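Input: a single structure, listed below in structure tokens.
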Amino acid sequence: MNTNEFTNYCIDNLNLNEQDQYEQYFSSVSICAFDAIYSINSNYKAVQNALHKFCEHFNLTLQHPKIGEIPPKDKQYSNSVILDKIKNIDPKKLASDIFENKQRTSSTNGILKAEAGIQFLKILNNFNIEFYQDIPKLIDNTAFESEIRNIRGQGSGISLKYFFMLTGSKDLIKPDRMVISFINDAIGKTLSPENALILVKETVKELNKKGYPNLSPRHLDNLMWNFQRIKNKGGSKI
């Protein structure tokens, strides 16, 4: 799986001591769901803007202030609270007037990402998920995974993986085009999302032994993504 080659590439190109940006948690699992939907095939600045607009409209705090701490329940907005705020809003209005982002899940037969997000929240509600503390009930829940993948444009499961990362799982990656591109640059092969995760997990084990004991797959994903974003823009990481 070219683990040694990839490990050396990571050491040579990434600042493995950088803070894990995933350690800044949102104030609701609902916002995690919208982030996971909006982030696919999108400039993340546009995603951030959409989430800020949403929170401003409903007078919500976007993020929990304590970095590295999943917010306690009394510091979160429950999924039911968020659903109640948007239940009577048409998805088109939610996209255009509140998120101010009318991106669709696919350029062909896709639905508004705002609508996909609503469906995601409703599925969370069906599985009695209100807070971060409820997320462990969803791990390896094939029924939940199937319902999320059935949302139009979510068949790859990338948004679902990203949702679990945003809600606290450190053992997953978001194998989008940035991460797959980084891996391809490193080893000269385009891996499937499944093999990309295997490679990253094996590499993290090696990096843990080489002086980076706190590095996780999620953190390495973040470092790879940011590096590749800057590289693709023609910028320098230094």
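Binning at 10 angstrom from zero up to the longest distance, how are the C-alpha pair distances of the chain distributed in percent?
7, 32, 35, 20, 5, 0
Could you derive backbone 3J(HN,Hα) for the range 119-135 from the dihedral phi with the Karplus parameters 6.51, -1.76 and 1.60 (θ = phi - 60°), listing whole Hz in sequence and x where the residue is Gly or Pro?
For the range 119-135, the Karplus curve yields 4, 4, 4, 5, 5, 4, 4, 5, 9, 6, 9, 10, 10, 3, 5, 8, 4 Hz.
Can you bin the range 1-65 into rounded, prolate or oblate? Criterion: square roots of the alpha carbon gyration tensor eigenvalues sorted a ≥ b ≥ c, rounded for a/c under 1.5, prolate for a/b above b/c, oblate for the rest.
Prolate shape, in that a/c is at least 1.5 and a/b is the bigger ratio.
Could you give me the ³J(HN,Hα) list for the range 21-34, computed from phi with Karplus coefficients 6.51, -1.76, 1.60 and θ = phi - 60°, whole Hz, x at Gly and Pro?
Each residue's phi maps through the Karplus curve to give 5, 5, 6, 9, 8, 5, 7, 7, 5, 5, 5, 4, 5, 5 Hz.
Give me the net charge for the shell around K92: Cβ to Cβ below 10 angstrom, other residues only, Lys and Arg +1, Asp and Glu -1.
-1
Determine the shape class of the range 173-238: with a ≥ b ≥ c the square roots of the Cα gyration tensor eigenvalues, call it rounded for a/c under 1.5, and otherwise prolate if a/b is greater than b/c, oblate otherwise.
oblate
Taking Rh as the Kirkwood radius, which is the inverse of the mean 1/r over Cα pairs, what is the Rg/Rh value for the range 109-238?
Result for the range 109-238 is an Rg/Rh of 1.01.
List the relative contact order of the range 1-140 as a percent without decimals, with contacts defined as Cα pairs under 8 Å and 6+ residues apart.
Contact order relative to length: 28 percent.
Let me check I've understood the local charge: for L62, count other residues with C-beta under 11 angstrom from its C-beta, Lys and Arg +1, Asp and Glu -1. What total comes out?
Neighbour charge sum, excluding L62 itself: -1.
List the residues whose amide H sits under 5 Å from the amide H of R104, counting only those 5 or more places along or on another chain, with H placed 1.01 Å from N in the peptide plane.
Distant-sequence amide H within range of R104: K113.
With no solvent and one equal point scatterer placed on each C-alpha of the range 57-113, evaluate the Debye formula and give log10 I(q)/I(0) for q = 0.22, 0.27 Å⁻¹, two decimals.
Log-scaled intensity ratios, in q order: -0.95, -1.09.
Carbon and sulfur together cover what percent of the accessible area of the chain at a 1.4 Å probe radius?
45 percent
Can you give me the Cα centroid spacing of the range 61-84 and the range 168-238 in angstrom?
28 Å
For the range 96-181, just say rounded, prolate or oblate: build the C-alpha gyration tensor, square-root its eigenvalues into a ≥ b ≥ c, call rounded for a/c under 1.5, and beyond that prolate if a/b exceeds b/c, oblate if not.
Oblate shape, in that a/c is at least 1.5 and b/c is the bigger or equal ratio.
The values are calculated or read from the model by the stated rules, or taken from the named source; none is laboratory data. The shown structure was predicted, so the numbers you read here are calculated from the model rather than taken from an experiment. A quick note on method: Cβ atoms are made from the backbone with ideal geometry, for glycine too, and the neighbour counts reach across all protein chains shown. The area values use the complete protein model at the heavy-atom level, side chains included, leaving out ligands, DNA and RNA. Shrake-Rupley method; radii C 1.70, N 1.55, O 1.52, S 1.80 Å.
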